[in-house]
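Just so it is clear, none of the values below were taken in a lab; they were calculated from the coordinates. Here the structure is a predicted model, which means the values were calculated and not measured. Glycine also receives a Cβ, built like all others from the backbone with ideal geometry; neighbour counts cover every protein chain displayed.
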Amino acid sequence: MAAQANAQTPGDQFRQLADAYFSQVVFKFGPTSGTLVGFHQYDSQLEDYSRAGVDREVAALKEFETKFDAVDGSKLDLSTEGDLEMVRNNIRGNLLELEVIRGWEKNPDNYSSGIAASAFSLMERKFAPSDDRLRSLIAREKLMPAVLMEARKNLKNPPQIFTRIALEQLPDIISFFENDVPSAFADAKDPATIAEFHKTNAAVVAALRDYEQWVKTDLLPRSHGDFRLGAETYSKKLEYDEMVTIPLPKLLEIAYADLHKNQAEFARIAKEVDPTKTPKQVLAELAADHPAPDKLLQTFHDRFNSEIAFIRSHHIITIPSDVQPVLEETPPFMRATTQASMDSPGPYEARSTTAYFNVTLPEKDWTPEHVKDYMAAFNVGTVISTSVHEAYPGHYVQFLWVNHGDLSKVRKLITSNTNVEGWAHYCEQMMLDEGYGQPGAGAKDAREANLIRLGQLQDALLRDARFVVGIKLHTGQMTLDEARAFFVNEGYQSQSIADVETKRGTEDPTYLYYTLGKLEIMKLRADVEKKEGASFSLQKFHDDFMRQGGAPIKIVRRAMLGDNSPVL
């Protein structure tokens, strides 16, 4: 009887296997991600960037792929069966990256930004005393020069755009190690630890300078590779990362339909703002209505109380905590390809739970014209949509649900971008549709309300342009110059933003997940509302959505509707 009582259920067996996968593969080969999620036994370890390390990771992934393929999903409850699908896809997506996409062979920025991110993970949060975190950093820094030597062995004919991105980021990364890293540990006390850090840090700076010179003089002249994934690999990446199997031509139809709908709505509202001007002229007027660069962080912070009050008074979603995120400037190694981001503590971080809202400010050496062009992306409307996207009720609120919710380990550690970014992008439109940004609720008058809606639509058009550009760039239907022009002419973006977005599209091929996820969530909401009729509650829908963690929308639909109906 005792043996029978102690017998493991299929769910228990799966969870044990998942635990083994995370410890023996995910964090063993990605210790920086271990630090970020709050597993601090990995703090002194660094990724093995060698070709032999890549081969070992591939072998480990294939071993666990076999084990998970042997699990009978029909014996699991619905939620755990979804977890099984997520882990299988996570393994296949990692194998696709290592064996087919081969960023380790094509992207010099993976190495320099990779070690910077590893150092930053020990700086950003004070989860342990400075001396303890500094000792972990020293252990990592001792391994960093070897990483840059492995890059020289691994990199084979990278795409020129990847090499140029690496060169663009390297001066900031060198400055980061020279200035930001030492200042982050200024309160360390142990003299021996401090002295050792100065040695290891100086060695990293020297290695980065050598690497920058090598990338510039040796690698760049022979960077003639192709960044494009091709249709087959692109489709597989979408399937493994997002559980989306819609054919690419159909996805492009969906993208163009949403683009044209948003352009038409932009034109309608622009006519209300000023009937004597074209939409592009109104856009230029909107672009000029932005805070000064040195007031940008405070401007974002000033939105929080207004957004929170609206969410609570209009029953949009439950906010699990009153603690607000902290505004700060984007870390140097992320500035080339991002304007704003939310850096939340990991789901298992128990000691340092501050979330950071990162904003990329103009560089000090930019011309006034460049600054003006760049700041157009932070106009009166896009500041609100960005704040809603990153904080309330977007990424930050979703993070609070993950950290306060009763989610499985799989749901805490594996997420899909169509869920996470789709949710945040959906919130931009949903909040305005529910009345935020109207006079008395975030806007001072009707004209400002219209400008706020135009800003939201401009951000939606940016994401529509990503949808089109991502597919067309990577399937050979669009050049880099055509992509930049598309962001300006069809996505209503400034030239400097078009440059950043095009560069990002080469490295982040499936950044269509913003609009794709938003459309999937809107369809799910319409289908739930149709099923529930008069009893439908928006707050309950949003809360129930949060309870699924970051699972692909296909899995969320199955949980909330009880069927396998199409995501779009």
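What is the calculated FRET efficiency for Asn179 to Trp366, with r their C-beta to C-beta distance and R₀ = 22 Å, to the nearest 0.05?
0.70
Using the per-residue mean of other Cβ atoms lying within 10 Å as a proxy for protection, in what order, highest first, do the peptides 66-74, 520-528 fall?
520-528, 66-74
Which residues' amide hydrogens lie under 5 Å from the amide hydrogen of Val326, considering only partners 5 or more residues apart or on another chain, with H built in the peptide plane?
For Val326, whose amide H was placed from the backbone, the distant partners under 5 Å are Ala355, Tyr356, Phe357.
Less than 9 Å Cβ to Cβ from Gln169, Lys/Arg counted +1 and Asp/Glu -1: what total charge do the surrounding residues give?
Here the count lands on -2.
Just give me a number: lysine pairs in region 151-236, eight or more positions apart or cross-chain, with C-alpha atoms less than 30 Å apart. The partial results should precede the final answer.
On the way: Lys153/Lys199; Lys153/Lys216; Lys153/Lys236; Lys156/Lys216; Lys156/Lys236; Lys189/Lys199; Lys199/Lys216.
Summing the qualifying lysine pairs gives 7.
To make sure I understand the rule: partners must be lysines, Cα under 17 Å from the Cα of Lys523, and not fewer than 8 residues away in the same chain. Which ones qualify?
Qualifying lysines at Cα under 17 Å: Lys250, Lys261, Lys531, Lys540, Lys554.
Could you give the length gained by full extension between His314 and Glu99, i.e. 0.36 nm per residue of separation minus their alpha carbon distance, to one decimal place?
Length gained between His314 and Glu99: 72.5 nm.
Run the reach check for Lys28 against lysines, Cα to Cα strictly under 20 Å, same-chain hits fewer than 8 apart removed. What comes back?
Leaving aside lysines fewer than 8 places away in the same chain, those within reach of Lys28 are Lys62, Lys67, Lys142, Lys409, Lys412.
Using each residue's phi in region 23-38, evaluate 6.51 cos²θ - 1.76 cosθ + 1.60 at θ = phi - 60° and report the 3J(HN,Hα) Karplus result to the nearest Hz, with x for Gly and Pro.
Whole-Hz 3J(HN,Hα) from phi for region 23-38: 7, 8, 10, 4, 8, 5, 8, x, x, 4, 5, x, 4, 5, 7, x.
Give me the one-decimal nm value for the distance between modelled label points at Lys142 and Asn564, 7 Å along each residue's Cα-to-Cβ direction.
With each label placed 7 Å out from Cα toward Cβ, I get 5.2 nm.
Which of these values of Cα extents along the principal axes in Å was calculated from the structure shown: (i) 75, 60, 57; (ii) 83, 63, 44; (iii) 73, 66, 49?
Entry (iii).
Ranked from highest to lowest mean number of other Cβ atoms within 10 Å per residue, what is the order of the peptides 541-553, 233-245, 182-194?
Listed from highest to lowest mean packing, they are 541-553, 233-245, 182-194.
I'd like the distance between the alpha-carbon centres of region 508-568 and region 59-93, rounded to an integer number of Å.
Cα centroid of region 508-568 versus Cα centroid of region 59-93: 23 Å apart.
Once the Cβ-Cβ distance between Arg56 and Thr353 is put in as r, and R0 is 30 Å, what FRET efficiency do you end up with, to the nearest 0.05?
Working: r = 34 Å, r/R0 = 1.13.
The formula returns an efficiency of 0.30 here.
Find the Cα radius of gyration of region 142-269, compare it with 2.2 N^0.38 Å by division, and give the number to two decimals.
1.62
What is the Cα centroid distance between region 174-230 and region 133-166, reported in whole angstrom?
After rounding, the separation between the Cα centres reads 8 Å.
Roughly what would the spin-label model give for Lys409 and Lys277, points 7 Å off Cα along C-beta, in nm?
Calculated label separation equals 5.6 nm.
Through the Karplus equation 6.51 cos²θ - 1.76 cosθ + 1.60, θ set to phi - 60°, convert the phi angles of region 320-330 into ³J(HN,Hα) values in whole Hz; use x for Gly and Pro.
Ordered by residue, 3J(HN,Hα) equals x, 8, 8, 6, 9, x, 9, 7, 8, 6, 4 Hz.
Considering the alpha-carbon set of region 27-127 alone, what are its Rg and its Dmax in angstrom?
Here Rg and the maximum Cα pair distance are 15.8, 45 Å.
Looking at region 236-561 from every direction and averaging, what is the projected area of its Cα convex hull in nm²?
16.8 nm²
Average projected area of the Cα convex hull of region 318-374, in nm²?
5.8 nm²
What FRET efficiency would be calculated for the residue pair Asp302, Ala7, taking the C-beta separation as r and a Förster radius of 60 Å, to the nearest 0.05? Please report the intermediate quantities before stating the final value.
Numbers: r = 58 Å, r/R0 = 0.96.
Computed FRET efficiency for Asp302 and Ala7 comes out at 0.55.
Treat each spin label as a single point 7 Å out from the Cα along the C-beta direction, and report the Asp69 to Leu17 distance in nm.
Between Asp69 and Leu17, the label points sit 1.2 nm apart.
Would you mind checking which residues have amide H under 5 Å from Ala443's amide H? H placed 1.01 Å from N; only 5 or more apart, or other chain.
HN-HN under 5 Å from Ala443: Gly437, Gln438.
What helices does the chain have that are whole DSSP H segments, at least 30 Å long along their own axis by Cα, and with mean Kyte-Doolittle hydropathy of 0.0 or more?
Membrane-span-like by this criterion, though nothing is claimed about a membrane: 446-474.
Quick one: putting +1 on the C-beta of Lys and Arg, -1 on the C-beta of Asp and Glu, what dipole do you get for region 8-229 around its Cα centre, in Debye to the nearest 20? Before the final figure, lay out each step's value.
Numbers: 27 positive and 35 negative charges, 120 e Å.
For region 8-229, the charge dipole is close to 580 debye.
Two decimals, Cα atoms only, Kirkwood Rh: what is Rg/Rh over region 249-365?
1.05
Just subtract the alpha-carbon distance of Val323 and Asp481 from 0.36 nm times their residue separation and send over the number in nm, one decimal.
52.5 nm
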